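See below for the structure under consideration.
The values are calculated or read from the model by the stated rules, or taken from the named source; none is laboratory data. From a predicted model like this one, the values you see are computed outputs, not experimental measurements. Backbone-built Cβ (ideal geometry, glycine too); neighbour counts: all protein chains shown.
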Amino acid sequence: MLIIFTVNEQIVQLISTASDSVLFQFQWTEAIPLIGKPITNIFNALTTFFGTAPVGIVNVYGYEGLLIKFGVGALGGNIIYSIVCGIILGQTCALILMYLKRLFYSIVLGMIAPLIIAADVMKKSL
C-alpha cells in the first residue's frame, strides 16, 4: 500500500507542478459586456497619460486560472464558457463530496473497530 500511495502522490505532484505553470489570459471586460469596453478605454487612456502599462488583460495561472477564465466568460454571456464552467464546478463539487463521504466512513469505521474486536474476543472466550 505504501508503494501505491507514494506513486499516487508523485503523479499528483507532477500534474500540480505542470498545471501551475500554465498561463491563462482574459480581458476582465468579458464579464461586463455592455460597459466593459468603454471603461477599459478610459482606464487605458489614463494609464497612457501617466505612463503606465495598459489595463484590461489579466494573467492567471493553474487550475484557479482556468476556473476564473471560464467563469468570467460565463458571466459575459458565452454559452460554451457557461457549459465548461458548470462542468468544472460540478466535477469539483462531486470530488469534494466523495472525499467527505470517505472521511466520514473512515471515522465511523475507526470508532466501531474497537467494539468489533471486543465483541470478537468476548465471543471466542465464551
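Determine whether segment 47-55 contains at least one residue that is touching a residue at least 12 places away in the same chain (Cβ under 8 Å) and not basic (Lys, Arg). Lay out the reasoning, then the answer.
Just the residues of segment 47-55 that are touching a residue at least 12 places away in the same chain (Cβ under 8 Å), to begin with: 55.
After this cut, where a residue has to be not basic (Lys, Arg) as well, the list is 55.
Yes; the residues of segment 47-55 include at least one that is touching a residue at least 12 places away in the same chain (Cβ under 8 Å) and not basic (Lys, Arg).
Quick check on segment 62-80: of everything there that is touching a Pro at 6+ places or on another chain (Cβ under 9 Å) and either of a type in the set (A, V, I, L, M, F, W, C) or surrounded by fewer than 14 Cβ atoms within 10 Å (Cβ to Cβ) (or both), which residue is nearest to SER19 (Cα to Cα)? Break it down stepwise before answering.
Applying the first criterion (touching a Pro at 6+ places or on another chain (Cβ under 9 Å)) to segment 62-80 yields 75-77.
Filter once more, so that each one left must be either of a type in the set (A, V, I, L, M, F, W, C) or surrounded by fewer than 14 Cβ atoms within 10 Å (Cβ to Cβ) (or both): 75, 77.
Values: LEU75: 24, GLY77: 27 Å.
Residue satisfying both the conditions and the ranking: LEU75.
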Item to complete: Kindly indicate which of ILE87, ILE96, ILE83 is within 15 Å of the chain's Cα centre (by Cα), at pLDDT 90 or above, surrounded by 11 or more Cβ atoms within 10 Å (Cβ to Cβ) and part of a helix (DSSP H, G or I).
Response: ILE87
